[in-house]
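The values are calculated or read from the model by the stated rules, or taken from the named source; none is laboratory data. Here the structure is a predicted model, which is why all the values come from computation and not from measurement. Positions of Cβ are generated from backbone atoms using ideal geometry, with glycine treated the same way; all protein chains shown enter the neighbour counts.
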Amino acid sequence: MSLRILIAEDNYTLRRLYMKGLENLDIDIIEAGSAKDTMKLIAAESFDVMICDIEMGDGTNFETIDEAVKQGITVIAISAYENYEPECIQRGAVTFLQKPFPTRALARAVQDQLSASANGTL
């Protein structure tokens, strides 16, 4: 069974890069290019994991993390700003990756969630 993953990133090139880095995993990927679209998607659809940029063109995604965690969505937070890490973890993100990071780090974080899902701990 594949995981449904939401990639919330306002930079189109980075979304493509993340998707390329995850292409060998058994996952279904949905994209959101704004904080508003991200919130709409998590309200309307079911996801197992959300890869979430914190700073997006139309705002931050802290409230989105709160909503995702309430719905049982595992959150992998990403940002160029390391000072966001404590707040992301406090709000329930399981992992924080600081940009720039190698795509293999993102693939490893998602693979950890695949393993947790397979073990029934996600």
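Check ILE89, ILE73, ILE27 and return the single one that is aliphatic (A, V, I, L, M) and farther than 17 Å from ARG4 by Cβ.
Only one candidate qualifies: ILE89.
Please enumerate the residues belonging to the range 90-107 that are free of Cβ contacts under 8 Å to residues at least 12 places away in the same chain, in a helix (DSSP H, G or I) and not polar (S, T, N, Q).
Passing the criteria: only ALA105.
Give the number of residues within the range 94-114 that are more than 15 Å from GLU55 (Cα to Cα) and surrounded by 11 or more Cβ atoms within 10 Å (Cβ to Cβ).
Total meeting the criteria: 14.
Hey, among the residues in the range 45-88 that are of a type outside the set (D, E, K, R), in contact (Cβ under 8 Å) with a residue 40 or more places away in the chain and within 20 Å of ASP26 (Cβ to Cβ), which one's surrounded by the fewest Cβ atoms within 10 Å (Cβ to Cβ)?
SER46
Consider VAL69 carefully, then state whether it is assigned to a strand (DSSP E or B) and either of a type in the set (Asp, Glu) or at pLDDT 95 or above (or both).
no
To keep it simple, each residue is scored yes or no on (1) closer than 20 Å to CYS88 by Cβ; (2) part of a strand (DSSP E or B); (3) modelled with pLDDT under 95.
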| site | (1), (2), (3) |
| --- | --- |
| LEU6 | yes, yes, no |
| LEU14 | yes, no, no |
| TYR18 | yes, no, no |
| LEU25 | no, no, yes |
| ILE29 | no, yes, no |
| ASP37 | yes, no, no |
| PHE47 | yes, no, no |
| CYS52 | yes, yes, no |
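Taking the range 25-65 on its own, how many of its residues are in contact with a Leu (Cβ under 9 Å, 6 or more places away or on another chain) and aliphatic (A, V, I, L, M)?
The qualifying residues number 10.
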